[in-house]
1. For an R0 of 35 angstrom, estimate the FRET efficiency from the Cβ-Cβ distance between residue 31 and residue 147 and round to the nearest 0.05.
2. Straight-line reach from residue 155: which lysines have a Cα under 18 Å away, not including same-chain ones fewer than 8 places off?
3. Under 5 Å between amide hydrogens, which residues at least 5 positions from residue 116 or on another chain qualify, with H placed 1.01 Å from N in the peptide plane?
4. Taking every alpha carbon pair in the stretch 37-200, what does the distance histogram look like in 10 angstrom bins from 0, in percent?
5. If I take every Cα pair under 8 Å that is 6 or more residues apart in the stretch 52-113, average their sequence separation and divide by the length, what percent do I get for the relative contact order?
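What follows is calculated from the coordinates using simple rules that are stated; it is not laboratory data. All values derive from a computational prediction rather than experimental measurement. FYI the Cβ positions are ideal-geometry reconstructions off the backbone, even for glycines, and counts take in every protein chain you see.
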Amino acid sequence: MRPRNFLVAFVLGIAIAAGIWVSVSLRGPAARPNAATILPAPIELPQFSLLDQHGQSIGKEVFAGEWDLVFFGFTNCPDICPLTLQLLSQVKVRLAEAKHEPLPRIVFVSVDPQRDTPAAIDSYISFFGKDHLGITGELDELRKLTSALGIFFEKNDGDDYVVDHSVVVLVIDPQSRMSALFGAPHRIDDLVHDLPLIMARE
């Protein structure tokens, strides 16, 4: 290569490298979630047959095409379940105020199908806003879903029993896969910050 051509190539290379450095510097470091655990490989939901709050039969396809925030609990839960559903409702309001699209749907899955009929689920979730999805159904079908997603629940003894259960909030992507989760304690600011980052990965 002639000296003049070499000098031109050298200067051009420096200019390109400087441009890349400036571009990266202006963007700053990649944003990271505050609280969410993002799965490196999303987990496919299993096939199941349960009921929504209207008594309609549903399977894993009910999650297709939506971003969902899924919480497992029961309608007689004295504190954690109502507090979590109220928090998720506030998160959705905050995202709407920030003009974030699409807004995630809130999904409540009962781990107490003995008491939580579709009508009971419908009445319960209506306290926390509209357009939520409630799910209940046979115990064996419910366990197909909880086992695949690592959700624990156990019914205690007694007539006025409670059900111990996991308190994570799962993020289900439009391909019906668990792509992230939020462990307790749940904070509104964390979810409002992290959800757009999770949803932007698709």
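1. Between residue 31 and residue 147 the formula returns 0.55.
2. Here the lysines satisfying the reach criterion relative to residue 155 are 144.
3. none
4. So the P(r) values, bin by bin, are 10, 43, 38, 9, 1.
5. On the way: 48 pairs, mean separation 30.5, N = 62.
Relative contact order, the stretch 52-113: 49 percent.
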